[in-house]
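Derivation of every value follows stated rules applied to the coordinates shown; laboratory data play no part. All of these numbers come straight from a predicted model, not from anything done at the bench. As a convention, Cβ positions derive from the backbone with ideal geometry for all residues, glycine included, and neighbour counts pool all protein chains shown.
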Amino acid sequence: MLWSGWGDPARAADLPEPVRKLLQDILGVRAPEAPPVNLEEVRLPAATLPAAVLAELESVLGAGNVRSGDEARVRHTRGKSTPDLMRMRAGDGSDAPDAVLLPGSHDEVLELLRICAAHRVAVVPFGGGTSVVGGLTPAREGHAGVVALDLARLNRLVSVDAESMVAELEPGLRGPQAEELLAAHELTLGHFPQSFEYATLGGFAAARSSGQASAGYGRFDDMVVGMTVATPRGTLDLGRAPKSAAGPDLRQVILGSEGAFGVITSLRLRVRRAPAVRIYEGWRFDSFAAGRAALRRLAQDGPLPTVLRLSDETETMIGLAKPGELGGMSSGAGCLVIAGYEGDPQEAAERRERAAAVLAGLGGTCLGAEPGESWAHGRYSAPYLRDSLLAAGATVETLETAGFWSALPRLYDAVRLALHGALGSPLVMCHISHVYGAGASLYFTVVTAQSEDPLAQWEAAKRSVNEAIVAAGGTISHHHGVGRDHRDAYAAEIGELGVEILRGIKERLDPEGVLNPGVLIP
Ligand SMILES: Cc1cc2nc3c(=O)[nH]c(=O)nc-3n(C[C@H](O)[C@H](O)[C@H](O)COP(=O)(O)OP(=O)(O)OC[C@H]3O[C@@H](n4cnc5c(N)ncnc54)[C@H](O)[C@@H]3O)c2cc1C
């Protein structure tokens, strides 16, 4: 993973010349003056972790699994939000951990937590490092040091219960690794977020992730039937049955806890049979409202495609435009729906036929397989463009929310208004890609020309959007989580009593407050 950007540097995407020109002409983008620094130039804070504590940690893991060199520290600094990348590109490594720990078992994690709690060393559980909400940016104050707990060595498929269709997997597995292990049993999780190639199962659970095929396979938190968690107070083993009436479900307390309550060391996950076919196709609707009505009908009355997403007019226009023709974009493209069907050939074909009848009946025009295949082909490449746009002087960031169907139009308008108010005339695109009977998520992509201080510019815009989401009755996050960036809005969402409950749980599980301090808990 590129330390200051996204993914495999060999797959970096260059901006075509017409796009550069368009950015200049329409958004007023100008190339930034300073190029990004090299890794060796990143300014790191002096490590404060006492040598005796480092030695104690090494005695548990072996020296090879404790890394305190500059490169390891840089590579475990923050996540992959646009502000994170801006800081790294500017050489600001002030949130770097003092050392990186690589435990190989649950018992080792327990022991590390015991040592860190005893010496008040902050611990940041680190999965794929793809957080976009500041989930890997701990508060250093009051701590003897900061360590990143990288779970990469916990990467096994532990067992498969084919009768129950449940697999036990370790949290450090990245998306493709987990799918490969399950494919050997002809199984799949069906969890394909855009960060799939780098994010881990532990991160999916800890941040309540949702994948692009959530209509068919569900959100990640729906897949978790059990888990083992190491805390400074000992082990939690949760989930004896898929559902239970034995009091409040403590699995739900850990899901979304973003490393603040404990370290997930094992997950029991509901799995599905690997699909024999995958069919993706495109549909056109005249307007976002018409497309939204069609998605709502499918979500409420069925049949549900496996993948279901609707782009608004702007996202459709940009998505359909070929780079060379961008200047001549017309606004008559309408709104694109991608509908995908995965599963057994006959079942998928039948579902497709019934869903197609609903979409056509509500004003959709089928565009055939090409838009669907093209979406599927490019589904993991968009994040690479962000790096090129940043380098060209444009800020690009995504943000998301969710609400009830009746509230979505207001939420959509509120977010757009806040972005325009804060940024002048940015390009704002939106899609719906996670639907439920009662509502859906809205996912926005924003592109704007960088000001003199692009970080402050974006942070002001983000504050304004957070306030707009809360005021319009949406949730502050549908699937990115809370981290540090959404903490205040989360407090507003759950109220004072809700915050007290969170603090109480934290106090019980982590009395010294060493787990991911500053993240999640207001
Ligand atoms: C380009 C891009 C695209 C993205 N697309 C999507 C998307 O489509 N859907 C989506 O849901 N999200 C998406 N995300 C956000 C991100 O990938 C998810 O939040 C993901 O769940 C994070 O997983 P990770 O392994 O990278 O976790 P990390 O970023 O390493 O950690 C996330 C949080 O979880 C904690 N944590 C990690 N592992 C554990 C563990 N084992 N135990 C306890 N706490 C732990 C960390 O301390 C941190 O607070 C995207 C991010 C990027 C950069």
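Brief remarks follow.
- Yes/no for THR235 being in contact with a His (Cβ under 6 Å, 6 or more places away or on another chain), hydroxyl-bearing (Ser, Thr, Tyr) and more than 30 Å from GLU373 (Cα to Cα): no
- Of all residues in the range 282-307, those being touching a strand residue (DSSP E or B) at 6+ places or on another chain (Cβ under 6 Å) and either within 17 Å of TYR341 (Cα to Cα) or in a strand (DSSP E or B) (or both) number 9.
- For the range 463-515, the set of residues classified as among the hydroxyl-bearing types (Ser, Thr, Tyr) and free of Cβ contacts under 8 Å to residues at least 40 places away in the same chain consists of TYR490 only.
- Test: residue in the range 362-378 that is within 16 Å of the ligand (Cβ to nearest atom), surrounded by fewer than 19 Cβ atoms within 10 Å (Cβ to Cβ) and farther than 24 Å from GLY474 by Cβ: yes
Residue-by-condition table, conditions (1) more than 30 Å from PHE192 (Cβ to Cβ); (2) of a type in the set (Gly, Ala, Ser):
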residue	(1), (2)
HIS431	no, no
LYS462	no, no
HIS480	no, no
GLY498	yes, yes
LEU509	yes, no
VAL514	yes, no
PRO517	yes, no
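- For beta carbons closer than 8 Å, sequence separation of 6+ or different chains, a first residue in the range 375-399 that is of a type in the set (Val, Ile, Thr) and a second that is in a helix (DSSP H, G or I) and within 11 Å of the ligand (Cβ to nearest atom), the qualifying pairs are THR395/THR82; VAL396/THR82; VAL396/LEU385; VAL396/ARG386.
- Selection from the range 182-193 of residues that are in contact (Cβ under 8 Å) with a residue 24 or more places away in the chain, more than 16 Å from GLU342 (Cα to Cα) and surrounded by fewer than 18 Cβ atoms within 10 Å (Cβ to Cβ): HIS185
- On inspection, GLY259 qualifies as buried (at least 18 other Cβ atoms within 10 Å of the Cβ) and under 24 Å from the mean Cα position of the chain (by Cα).
- Conditions (1) within 25 Å of PRO83 (Cα to Cα); (2) assigned to a strand (DSSP E or B); (3) not charged (D, E, K, R); number of the one not met by VAL415: (2)
- Pairing residues of the range 83-108 that are over 22 Å from THR398 (Cα atoms) with residues that are surrounded by 18 or more Cβ atoms within 10 Å (Cβ to Cβ) and among the acidic types (Asp, Glu), at Cβ distances under 8 Å and at least 6 apart in sequence or on separate chains, gives VAL100/ASP150; LEU101/ASP150; LEU102/ASP150.
- Failed item in (1) in a loop (DSSP other than H, G, I, E, B); (2) more than 14 Å from the ligand (Cβ to nearest atom); (3) in contact (Cβ under 8 Å) with a residue 60 or more places away in the chain, with PRO138 passing the rest: (2)
- Scope the range 172-213; condition of a type in the set (S, T, N, Q), more than 7 Å from the ligand (Cβ to nearest atom) and in a strand (DSSP E or B); matching residues: THR188
- Of everything in the range 240-265 that is in contact with an Asp or Glu (Cβ under 9 Å, 6 or more places away or on another chain) and either more than 20 Å from PRO138 (Cα to Cα) or β-branched (Val, Ile, Thr) (or both), the residue that is farthest from the ligand (Cβ to nearest atom) is LYS243.
- Of all residues in the range 47-86, those that are farther than 13 Å from CYS116 by Cβ and either outside any helix (DSSP H, G or I) or within 16 Å of the ligand (Cβ to nearest atom) (or both) total 21.
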